[in-house]
Structures are given as C-alpha cells and as structure tokens.
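Here the structure comes first, spelled out in structure tokens, and everything after it is commentary.
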2 protein chains.
Amino acid sequence: MKDSVGIVKKNYFEIKEEVSLESGKKLGPITLAYETYGKLDNGNKNAILVFHALSGDAHAAGYHSKNDKNPGWWEAAIGPNKAFDTNKYFVICVNVIGGCKGSTGPSSINPKTGKPYATDFPIITIKDMVNVQKKLIDHLGIKRLLAVTGGSMGGMQVLQWAVSFPEATKLIIPIATATHQSAQNIAFHEAGRRAIIADPNWSKGNYYGKKQPSLGLAVARMIGHITYLSDYSMREKFGRRLQNKDKPDFSFDTEFQVESYLQYQGDKFVERFDANSYLYITKAIDYFDLTEGGTKKLEDIFASIKSKFLIISFSSDWLYPTAESKKIVQALQKSGHDVVFFEIASNYGHDAFLLENETQTSLIKSFLKNNYEEIKNG
Amino acid sequence: MKDSVGIVKKNYFEIKEEVSLESGKKLGPITLAYETYGKLDNGNKNAILVFHALSGDAHAAGYHSKNDKNPGWWEAAIGPNKAFDTNKYFVICVNVIGGCKGSTGPSSINPKTGKPYATDFPIITIKDMVNVQKKLIDHLGIKRLLAVTGGSMGGMQVLQWAVSFPEATKLIIPIATATHQSAQNIAFHEAGRRAIIADPNWSKGNYYGKKQPSLGLAVARMIGHITYLSDYSMREKFGRRLQNKDKPDFSFDTEFQVESYLQYQGDKFVERFDANSYLYITKAIDYFDLTEGGTKKLEDIFASIKSKFLIISFSSDWLYPTAESKKIVQALQKSGHDVVFFEIASNYGHDAFLLENETQTSLIKSFLKNNYEEIKNG
C-alpha cells in the first residue's frame, strides 16, 4: 500500500428532505455514499471533488481492508504525490444517485412502499447528480472547491457543476468528455438497454430477491466495453489470436481471445452492478446536453463561470473524441476564459483516462499547484 | 421500373453430392438460390458475379412482381446503363449458404432427420461460400468471369474467389472490405450473438415452428446498424432530436429519434431474417483471414492471381476502413499486379457502398468497359 492513501472507509450523508429533480419529480430522503482522502486545510481551500464514470463508485482510491486487493478506481491518480496529491489536497468522491454502490438508486428501499424502488425510481439527470452532491459539499463546510474533475460521465458532471454553481470551484478539469451525448453514443446505450429489457429476468425491473437479468446486463456491458477501447488497442491486445487453441474449433464455443475477454468483462460486471442502475445511469448520460437541445450557445452558458479550465482528451478516444473537447475550448475562448487544453497521444481509446498516467499526472499536478499557491497567498 | 432490370425471378441450383467444408465437415445436398440480370454474350465472356453482404440475398436488382415496391438490394448499381450495365453484362447473384433466403442454411430441412438443421448445421466459412458458388458458375458454362464484386462480406468473398480460383475471373472489385475481420469487428459480432443466444426463445437454436428469438436478434441488428453508419451521419440524420415531442418525457419510452430508428431497424429485421443464419454468417465473417492467422503473406497469397483489381473504400467507413484497403493495394503492388485504388469521400460510413453511387458508378463503369473491350477484341 505504498504510494496509496491506504485503508479508507465509506461514509454516508443523509439528505432528509425531498429534492426536486429535473424531470419535475421529487426524490427523498437520499443517502449519498462518499469517501475522502487527505485532509482539509485551514480555510477549507484545498478540496477537490472527483466525479466517477458510468460504472464507477465513491471508492476512488485506497483499500477497504488490509487484505483488499482491489484499490479504488482512480488509484493511479489519487494518493500521496500523485496527480491529486493527498499530502496537499482533500479529495472527495461521491457515488451518484441512481447508482448501486451506497447512494440512493433503483435498488434502494422506497420508504413509501418498503420495497426496492425498481422502475418507480424517478429518471435522474447529470444535473440532479451534481445538485445533491452540492449539498454534501455545503455540509462539509466547503464554500469553494479548489477543483472539480472526472472523466467520461464524470466529466459531464464537472461541466454541469461549473454551470450550475459557477462560483463553487476555482478550477475545472473535465477529462475525455463532451458537452452532450452524441447520437452514436445514445445508440450504443439504447442497444444495451434493449438487451437488459429483453432479458425475461428483468421482469419490468422487479427482479430484486429473484434471478437477475444477468445475460442482458452482460451484453450491455460487452457493447459498452467495445466503445471504451480503440480499434488499435483491440488489435494489439487480442488481434485474431485464438483462445487456448492452435486451430479454430469451428463451433459456437469461444474461438478468439477477444470474445473470451468480452465475455469475462460481461460476466464480471453482473456480479458488481445492478441492471436497473445501468438503465438509469445510461439514461442520465443520454439526456446530458449543456445547450439544452441547441437552444443555448456554449459561450453564453460558460459566460458566468469564474474558474480556470484544464481540458484533457485522448487521441484514440472515439466515444468522446478530441473534437468534442475542442468545442468546449472554442466556446471558452469566446467567453474570455483561461483554458489549458491538451490532447494526450494514446492508443488506449476512451479508457486512456484511467491508463495514461504520466502526461495526465504532470498536467494536473502543475495546474493544481500553480493555482493552489495563488489561493493560499492571495 | 424505368432504368431497372424489371421483373425478375429467383432460380435454384441443386448440388446433389456432399461438399467438403473448411471445418472438415460435409454438407449436402445443397440448394443455391440465385438471380441473373442481362444476357450472356457469345462466348460467355460478359458474366459478373456479385456477392452480397451479411443481411443480403440473391435478389440484387429488379422486382419480384408488378406490384413489388422493394427492388433488389443493389438496384442503384445493377441495371440498364448503371455501374453493372445489364445492357452489356450478365450479372449473377447467389444467396450464401448458411443464409435464409433460398440457399441451404440452418432453417433448411436436414435430409437425415426431416427437421430443420438448426445448430446441427455445420459452421461455414467465406471459402465454403465461394466454393459452392463456383459450382453454379461452372454449371452455367462460364469458364472465366468478367468480374467478381461485392461490398463488406461480399468483398471478402471477392477476395476469397480471387485466391481460391486465381484464373476464374478477369477483374476483381472488392468494395468496403478487408482481408480479415478485425478484433473490434469480431467483438461487435460476438455481442450480437450473445444477445441472440441469451434470448430464451432461441432454445439452443431449436425454435423453428415456435416463437422466434426476436428480441435478441433485434438487439444484434441494432448493434450492427450502428457500425454501418458513421458518427457524422448519425449526427446529421438524428442529432439529439426528440421523437414526436418537444420536451423529453423523462421515461424509458423512446425519447430520441435515433432510438426510434434503431428500434425500427431491429424490429424490421426480425421479420425478414433467421436468427440462426445471423449466428452462422457472422461466424463465417469472423473466421475470414486470408493470411491464415498471419502464417502467410498477402503478397504471396496474391502472387498467382491473374486479374486486375479495382479497390474502393469510403472515407467515413470505420467498420472496414480505408487503411484495410490500402493493405491490399500495397500487397498487390509488391506482387506486381495492376491495381486501381480509390477512396470515395463520403459521410455515410460503411453503408456508403450502397449509397454513394455517382463516383462508384463512374469508377466501375470505366473499369469494366476498358477491360471488356480488351477481351472482346483480344
């Protein structure tokens, strides 16, 4: 556990009142599961809020016990001397509502019925996700965050936070993301949702305590996983190599390594994720569009934000390609913002934000350091 | 029906003996469904064999009846004065084995049991597909074709024909294809197959006369369809436009046009295609690798071919991208072949080979004309 924040625990924050959602519906009470790493400085000026992606959770760094072999999902970036240096900064990560890792979601008990919400859970959006996280930040006594950051859906929350609470963070670091979900990405999500809904075990969402729609969820995850890698990385990692054989069997059994890998990813995912949460969270991503259906201009949306931006994209990311980041950069320049933009050369596709640590660490480290010193001294 | 070959009929060719397959298994008797357009010239020198793609069939041009509103799948390219000018050439298209449109496939009756083959049907490959089509060409009295052509899986058959029967065609026109199926494409196919197999109606393939695995097949088709379009074309065609509403419902009902379109494509497909055929044909594509697992070099494979090549790719095709066509071009140049290569600028993605008619027609027309005149005069 060298270079790690070590053993950490999950915390819970209760929002007792009902919260109004973007859909017009209400949700409450709400539990938020969260973890923190490092310590708040005097004046609460060193807090960084990290948002997780679709299948992530509040456990961003460290280990849950001494024998735990799986660190948090962004162990590479959060810890002593890492990009988000826990010797200097206080890092917070919260499980999104709609999820299945401690925060209120479709598998939580609906206080009105005493049973899991299932599809009675209201549709939630990226805006709803950050709204409830703001309540936790207020509760922790943090008036202004040093930074908000995250990749993929985490990056969407970053952008939404900046727009919803334009004075609530000094720095904004969206990674491998976009200001809206594209038609192609909605399409991939919809194919995955159909696979879940087509699974008879899904039972219109009422499968809790019964058989899970595991086959459908596994297919959805397989589809997703293809979009997280690049054509190049799949060729390098698997190519057309056969799985544990020299010649093909000419059967419907697993022939190629890439098939075996995807099946494994699908099967592993169903052990740790709730199918209804997958439906709700993919919907939240699909609804995301800062321009509200093109009725607003990005530069106008960003105009009131009083923060500096560091925007990172990855050259082989075809899910949220560099062109999407460039749209943000252009709008920010029009609205007169300070913006550092960097496309990191990578073959890893969208997953690069979890893997390309060297350049990313250096970019983030300097950006945080320079600006934190300004705050401390200013 | 102006500019069309008009009313056409499906023909059947019977191969009475058993045929050896690449897997080592045997299949027979075999029926091949095929159509022809135009007339054979004196000397049988004007025949063009067109291979269809994954979901295609023998009905490449014209109409099956007076009131038929759906022409063949390549109506844009086959007909009087079109790319494959039926005033000049005799065009043949054959449904692949493993299919469900008249040629022997998993839904055909197994003569040994009197029931549909289902998964007792042997795994077939692209090589097997062209081997049986060669028997039809022999039967029609055609010693050497003027050309073989096709896009996507059709292009794979083109390449395999050239390699299997190096003297059996004068011209080779592979379109939007590759010498092997990539890891990413195997992955998309495998996700689709899993969706079919996960459907309880699939019943290990024995669903004939019962409920079809329609939901699973629809998901497989949805996945496939995303790969046939481009990110750009989906943005242009659908963007984030809502389906028949001004504001989102915030529900799991169809919200976006792109969802509606994909659902429609999935639902329409299950009416016309057999799920087991989808499994068998995607497997055939996945097995395709001219280099036989990298044990042979492309230039050596092409060395014995005595034909000219016209290779066409499309700039936004990410399923079989231009880079794959360029590998063929490079190998052909090394092996001393005449090759014309053209990347057509298009935003339509892989489907462009069915849509970008202007440039494609001009390229194919000249290529055929110049070479046909050489044959006639030579």
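Bear in mind that the values in this text are calculations on the coordinates, not laboratory data. A quick note: this is a predicted structure, and the numbers were derived from the prediction, not measured. Counting neighbours? That spans all protein chains shown, and the Cβs are built from the backbone with ideal geometry, glycine included.
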query = Hey, any hits in segment A:43-55 for a residue that's touching a Gly at 6+ places or on another chain (Cβ under 7 Å), assigned to a loop (DSSP other than H, G, I, E, B) and without any contact (Cβ under 8 Å) to a residue 40 or more places away in the chain?
reply = no
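In segment A:258-281, what residues are facing chain B (nearest Cβ under 8 Å) and either in contact with an Asp or Glu (Cβ under 7 Å, 6 or more places away or on another chain) or without any contact (Cβ under 8 Å) to a residue 24 or more places away in the chain (or both)?
Within segment A:258-281, the first condition is being facing chain B (nearest Cβ under 8 Å), and the residues that meet it are A:258-259, A:262-263, A:266, A:279.
Hits for segment A:258-281 are A:Glu259, A:Leu262.
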query = Of all the residues that make up segment B:191-211, how many are touching a residue at least 60 places away in the same chain (Cβ under 8 Å) and within 24 Å of the chain's Cα centre (by Cα)?
reply = 5
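Across segment B:309-329, which residue is surrounded by the fewest Cβ atoms within 10 Å (Cβ to Cβ) among those that are of a type in the set (A, V, I, L, M) and either touching a Pro at 6+ places or on another chain (Cβ under 6 Å) or outside any loop (DSSP other than H, G, I, E, B) (or both)?
Step one: of segment B:309-329, the residues of a type in the set (A, V, I, L, M) are B:310-312, B:319, B:323, B:328-329.
In the following step, the residues that additionally are either touching a Pro at 6+ places or on another chain (Cβ under 6 Å) or outside any loop (DSSP other than H, G, I, E, B) (or both) were identified as B:310-312, B:323, B:328-329.
Details: B:Leu310: 22, B:Ile311: 25, B:Ile312: 27, B:Ala323: 10, B:Ile328: 25, B:Val329: 17.
Among those that are of a type in the set (A, V, I, L, M) and either touching a Pro at 6+ places or on another chain (Cβ under 6 Å) or outside any loop (DSSP other than H, G, I, E, B) (or both), it is B:Ala323.
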key: Residues located in segment A:98-122, provided they are within 23 Å of the chain's Cα centre (by Cα), β-branched (Val, Ile, Thr) and away from every other protein chain (no Cβ under 14 Å)   = A:Thr104
ask   = If we scan segment A:293-309, do we find a residue that is closer than 29 Å to A:Cys100 by Cα, of a type in the set (A, V, I, L, M) and either within 12 Å of chain B (Cβ to nearest Cβ) or more than 18 Å from the chain's Cα centre (by Cα) (or both)?
value = no
request  = Go through (1) out of contact with any helix residue (DSSP H, G or I) (no Cβ under 9 Å at 6 or more places or on another chain); (2) buried (at least 17 other Cβ atoms within 10 Å of the Cβ); (3) basic (Lys, Arg) one by one and return the number of the condition B:Lys45 breaks.
outcome  = (1)
note = Counting only residues that are of a type in the set (Val, Ile, Thr) and more than 18 Å from A:Thr86 (Cβ to Cβ), segment A:344-373 contains a total of 2
request  = Would you point out the residue of segment B:231-256, among those that are in a helix (DSSP H, G or I) and more than 8 Å from chain A (Cβ to nearest Cβ), that is surrounded by the fewest Cβ atoms within 10 Å (Cβ to Cβ)?
outcome  = B:Glu236
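If we keep just the residues of segment B:341-360 that are of a type in the set (D, E, K, R) and in a helix (DSSP H, G or I), which is surrounded by the fewest Cβ atoms within 10 Å (Cβ to Cβ)? Outline the logic, then answer.
At the first step, the residues of segment B:341-360 found to be of a type in the set (D, E, K, R) are B:343, B:351, B:356, B:358.
Cutting the leftovers down to in a helix (DSSP H, G or I) gives us B:351, B:358.
On the way: B:Asp351: 23, B:Glu358: 8.
This residue is B:Glu358.
To keep it simple, each residue is scored yes or no on (1) in contact with a Leu (Cβ under 9 Å, 6 or more places away or on another chain); (2) under 23 Å from A:Ser316 (Cβ atoms).
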site	(1), (2)
B:Phe309	yes, no
B:Ile312	yes, no
B:Glu324	no, yes
B:Gln333	no, no
B:Ser346	yes, yes
B:Leu355	no, no
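Among the residues of segment A:7-27, which ones are part of a loop (DSSP other than H, G, I, E, B) and surrounded by fewer than 16 Cβ atoms within 10 Å (Cβ to Cβ)?
So in segment A:7-27, the residues part of a loop (DSSP other than H, G, I, E, B) come out as A:8-10, A:16-18, A:21-25.
The answer is A:Lys9, A:Lys10, A:Lys16, A:Glu17, A:Glu18, A:Gly24, A:Lys25.
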